[in-house]
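The values are calculated or read from the model by the stated rules, or taken from the named source; none is laboratory data. Because the structure is a prediction, the values reported are computed rather than measured. In this analysis, Cβ positions are derived from the backbone assuming ideal geometry, glycine residues included, and neighbour counts consider all displayed protein chains.
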C-alpha cells in the first residue's frame, strides 16, 4: 500500500474516531495521532542529485566528440580549445590539416559505447568500442549530408582530467 493511501486511512480514522468518541466533555486524542505526523512527513526529495562522476566523465567525453565533429566538418580546430589538452589539440590540428591538404572535410558519424573503467575526483580512464560510419564531404558545400561509412569498429582508450572544474580529454590510445 502506498504511503499516501496509508496517510489518508490514518487521517480518516482519526477524524472518524474523534467525531464518534464517547459523550465525555473532552474527546481523548487517539493513540495514533503521532503516527499521522510521522507518516505525513514522508515526502520525496525535491533537490536534484549531483550526477555521479562517471556520468560527468561520459558527458564530457561525448562533448569532446561533438566538438571534434564540428572541427573536422568546418575545418576549424579552434572549437576544441579548452576541451582538450595541448597534446590532443595538436592531434586535432593535424587531422584538420590533413583533410585540408586533400581538399576535404569530414562528417563524423560514430556509434559510441563508452565505459568508464577508472575514475577519481580528478582523473578518469574511459574505454569506447566504436562503430565508425563517418564520411568525407566537400569543404565548401558540406555535401553530401548523408552517406554510408565503412562501419569499421575499433576500440580506443581516452584519458581525461578535471581541469578548473571541467573534464577534458588529455590523450587517447587506439587498440590494435
Note to self: For the stretch 122-143, check the following and say yes or no: at least one residue is in contact with a helix residue (DSSP H, G or I) (Cβ under 8 Å, 6 or more places away or on another chain), closer than 27 Å to residue 52 by Cβ and part of a loop (DSSP other than H, G, I, E, B).
What the structure shows: no
Note to self: If residue 116 satisfies all but one of (1) surrounded by 12 or more Cβ atoms within 10 Å (Cβ to Cβ); (2) touching a residue at least 40 places away in the same chain (Cβ under 8 Å); (3) not in a strand (DSSP E or B), what's the number of the condition it fails?
What the structure shows: (3)
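For (1) at pLDDT below 95; (2) under 37 Å from the mean Cα position of the chain (by Cα); (3) surrounded by fewer than 11 Cβ atoms within 10 Å (Cβ to Cβ), each residue gets a yes or a no:
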| position | (1), (2), (3) |
| --- | --- |
| 8 | yes, no, no |
| 11 | yes, no, no |
| 16 | yes, no, no |
| 33 | yes, no, no |
| 50 | yes, yes, yes |
| 93 | no, yes, no |
| 99 | no, yes, no |
| 107 | no, yes, no |
